[in-house]
Each structure stands twice: as C-alpha cells, then as structure tokens.
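Shown next, in structure tokens, is the structure this report addresses.
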Amino acid sequence: MKLSLVEYQGRQDTTGRPVGHAPKVLAQYFEIVQNSFDTDIFAPECILKESEKKLSDRKAWDERKKSKSIHILPDSLVMKGKNSFSDKILNKFRMFSNINKALKNSQADVVWFFNTEYYLMLYLAVVGNHGKKVCVTTFMEGFTAKKNGKFAGIKQKIFEKAQKKISLIIATGYGYHFKNVKSVYIPDYTYDESIYGKYANGKYACEAGIEIPDGKYAVCLGTMNPEKQLEEMAEAFSRIGYPLVVAGRFYDKERLARLRDAASDNVTFIDSYLSVDEYYMLLTKAEFAVLPYSPEQYGSQTSGVLQEAVFCGTIPVSYSRVLAGNRVKGIGFESFDKLKAEDLNITDKLRQDCLDEYDRLRREVYDKNKIQKDLRDALAGCV
C-alpha cells in the first residue's frame, strides 16, 4: 500500500522558522509508517527541514529524497502578532492551494492529513477529495456556539458534509463521535523511553543556552499565540508568588512587553526557540506545567505540552475541565483568579498518586509500540 503524509499549513514566523508541533509529529509519523507502507510526503519546505532534524534515523528519509518521494508544497502561513484582514484571506488561499496540489499530485492509495483545522474540512466539503481515499487526524469533535461563536452551526454542517469525503478520522481526543465517517482514537504523541527517560532520570548532561532554574518552579511552554491566557496566568502567579518560567516564541512583541511590565519578579519570560534539550530540561525539572488554555476549547482537545508533561512526570496545572477532558490527573482550578498558593503546596501522597497515574498512561495509552500497531492497522483499513 502507498501512503502520502500531508502537512498543508506550514506555519512559520516572519523569520521563516516553523512554529507548532507539525515538524515533530511529521518526523514521528514518518518513522512509524515508513517500514509498513510505501510512503511519500507533501509539506512546505520549512516543515520538511525542521522534521529532518527531529528524526532519530535519517536513512529512510534520505532514501525518499533520492527517489523524489518528498514533495515541497509552495505556500506557508506566516504567523504574526496581528494579521491584517488581507493576510488572513491570503492564508486561507495558501492552505487551499497546498491541499489542492497534494490531492492532485499524490499517487497514493491513502492520503493522510495529520495536522488539520477547519479549512481542510471546508475544502473537502466544497471541492471534494479528487477521488482519493482520505484519512484525517482531528483534534476537535465538532463546532458548537459556546466554543466557536455564532457561525458554529454553519461550520458544523460543513464539517459533517466533509466527513462524507473522508474514509477515516483518527481522533486524538477521548470519546469523539462523528456523524458520517468511521473513526478511531489514537493519541498524536507517543511515549518513547529512549527520549524522555534520559531527561527524567537526571543523568543526561547537556548544555543549554538559557538558564535552567534551581529550586522549585512552574513552567509554561510552547508557542505563545493569542489563544493562550497569558495575562490571566501571569497575574495569578504574580499574586501567589510561585516562580513561573514562560518560555517559547512570542508572535506579538508588544504583548510580551506588556506582560513583562505587569508581572512580578517571580515570573520570567523567555522569548526564544527552545532547543530540544532546553525544552525537555525545563519541563522535566519543573514541579508543574501550567496550561493556560481555554476550557471551552481544550476541554475536548488535546495538548502536546500536556501529553509531554505526563511523559516527563511533571504535574499539569490547568482548568479542571481541561484536565478532565484529557483524563489527566493534576492541579485543577475553575479560574486563574481563584488559584491559590496552597494549591501548589501538594502532599507527597498526591504527587505520588499523579506519578503512578502517569506511569499507567505511558504504558497503556501512549506506548510507542501500541500506537504504531494501531496506526498501521487503521491506515491499512482505509483501502
């Protein structure tokens, strides 16, 4: 069976550096499927270059390059602090163009869009799948007025129409149900002891270009996009006095300046692309990983940082609905203004209960071999 992996967004900042989890997941999925399927790849150049750096073994990737099985999609989304109306419209056309090129040029039995959003569904609903078997990974179950505003009903109808053009949905969240297509639950991150274990046991020595704090601290990681409730989080930690490190790339430099001006000295902001070592060292050594995500969205949507907090044995702190929706044990609250210092002064028993649960999740849900088998079976079942 021939398989095309497609990443059609190509999110990058104004310097051309990719943002988001697409490169990591592309590298991971390629390594999982390339031995089972004749695999080619469609993605913008910025994603391909970064994915190549994240491979544990480049031999199979290099072979695909020699056989011209890695195809560069021409357009990328440039992420800014504030996109103009024309920028937003152009970004939609760039995505449509990439989707169109991938579907028209793929000769595969199955075309797998593994990093998706609403506009792929709009394309499939309006234009169709060009006669291809399409598999889609989705991080959302659907659209509701509470989460998606006054046009949610129209978006849901489009989503349901798109499902008729899809052979399989790989759902990354628990308990998703889709009206017009079969689906299977498979997490989008896998636990690999060879990667995460070396940071967790404290024996891996590496250099970091940023300062890794001594003592107890909480960390907030990832791309600092407009959806993250950074103001509410910084205000809460400034109030309770617990050390917080906010590290990742900020699109909006004016927002970063406002955050720094308003925050107390216990809150540190690092505007940087973190290396793999820096990211995992910050996460593993932290007591807590703070997830400033809207409960309306992430109560039914997965987070890469949340999954990796489980992998690294770092206790997540977020809205109770976010933790419950992802079935992860942690420190939950109803709103940031109700977060108290004593909430983070947890007992040894609670900490151990959390760590025991994370160990179970790593073995039973996120195990790399299990996810490999589930993915291969699901993809093979599309034809």
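The values are calculated or read from the model by the stated rules, or taken from the named source; none is laboratory data. Keep in mind that what you see is a predicted model, and the values were worked out from it rather than measured. A quick note on method: Cβ atoms are made from the backbone with ideal geometry, for glycine too, and the neighbour counts reach across all protein chains shown.
For this structure, a couple of remarks:
- Of all the listed residues (PHE37, PHE30), the sole one being surrounded by 18 or more Cβ atoms within 10 Å (Cβ to Cβ), assigned by TED's automatic domain parsing to the domain that holds MET79 and more than 19 Å from the chain's Cα centre (by Cα) is PHE37.
Results for (1) touching a residue at least 12 places away in the same chain (Cβ under 8 Å); (2) in a loop (DSSP other than H, G, I, E, B); (3) closer than 19 Å to VAL134 by Cα, shown as yes or no for each residue.
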{"position": "LEU3", "(1), (2), (3)": "yes, no, yes"}
{"position": "GLN9", "(1), (2), (3)": "yes, yes, yes"}
{"position": "GLY16", "(1), (2), (3)": "yes, yes, no"}
{"position": "ALA43", "(1), (2), (3)": "yes, no, yes"}
{"position": "LEU55", "(1), (2), (3)": "yes, yes, no"}
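- Out of LYS155, LYS147, LYS88, sole residue that is assigned by TED's automatic domain parsing to the domain that holds TYR29, at pLDDT below 95, part of a helix (DSSP H, G or I) and within 21 Å of the chain's Cα centre (by Cα): LYS147
- Among (1) surrounded by fewer than 20 Cβ atoms within 10 Å (Cβ to Cβ); (2) assigned by TED's automatic domain parsing to the domain that holds LEU244; (3) polar (S, T, N, Q) - the single one GLN372 does not satisfy: (2)
- Which listed residue is hydroxyl-bearing (Ser, Thr, Tyr), at pLDDT below 95 and touching a Phe, Trp or Tyr at 6+ places or on another chain (Cβ under 7 Å), from THR172, THR223: THR172
- Residues (touching a residue at least 60 places away in the same chain (Cβ under 8 Å) and either under 15 Å from LEU168 (Cβ atoms) or among the hydroxyl-bearing types (Ser, Thr, Tyr) (or both)) located in segment 126-144: LYS133, CYS135
- Of all the criteria given as (1) outside any loop (DSSP other than H, G, I, E, B); (2) surrounded by fewer than 19 Cβ atoms within 10 Å (Cβ to Cβ); (3) not small (Gly, Ala, Ser), the one not satisfied by ILE99 is (2).
- Scanning segment 252-277 for residues that are buried (at least 20 other Cβ atoms within 10 Å of the Cβ) and within 16 Å of VAL19 (Cβ to Cβ) turns up just one, LEU274.
- Hits in segment 56-74 - residues which are touching a helix residue (DSSP H, G or I) at 6+ places or on another chain (Cβ under 8 Å), surrounded by fewer than 18 Cβ atoms within 10 Å (Cβ to Cβ) and not polar (S, T, N, Q): ASP57, ARG58, ALA60, HIS71, ILE72, PRO74
- Listed by first and then second residue, the pairs with beta-carbon distance under 7 Å, at least 6 apart or on different chains, first residue in segment 209-226 and closer than 18 Å to ASN345 by Cα, second surrounded by 12 or more Cβ atoms within 10 Å (Cβ to Cβ) and acidic (Asp, Glu), are LYS216/GLU287; TYR217/GLU287; ALA218/GLU287.
- Residues of segment 189-219 that are in contact with a Gly (Cβ under 8 Å, 6 or more places away or on another chain) and at pLDDT 90 or above: TYR189 alone.
- When LEU73 is tested against the conditions (1) over 20 Å from the mean Cα position of the chain (by Cα); (2) more than 22 Å from PHE37 (Cα to Cα), the lone failure is (2).
- Residue count, segment 258-309 (criterion: within 15 Å of GLY325 (Cα to Cα), of a type outside the set (Phe, Trp, Tyr) and without any contact (Cβ under 8 Å) to a residue 60 or more places away in the chain): 4
- Verdict on GLU235 being more than 15 Å from the chain's Cα centre (by Cα), in contact (Cβ under 8 Å) with a residue 60 or more places away in the chain, surrounded by fewer than 21 Cβ atoms within 10 Å (Cβ to Cβ) and in the same structural domain as PHE333 (by TED's automatic domain parsing): yes
- Considered as a group, the residues in segment 111-144 that are of a type in the set (S, T, N, Q) and either assigned to a strand (DSSP E or B) or not assigned by TED's automatic domain parsing to the domain that holds ILE32 (or both) include one that is surrounded by the most Cβ atoms within 10 Å (Cβ to Cβ), and that residue is THR138.
- Every test in (1) part of a helix (DSSP H, G or I); (2) without any contact (Cβ under 8 Å) to a residue 60 or more places away in the chain; (3) farther than 30 Å from LEU256 by Cβ; (4) in contact with a strand residue (DSSP E or B) (Cβ under 7 Å, 6 or more places away or on another chain) is passed by TRP61 save one, and that test is (4).
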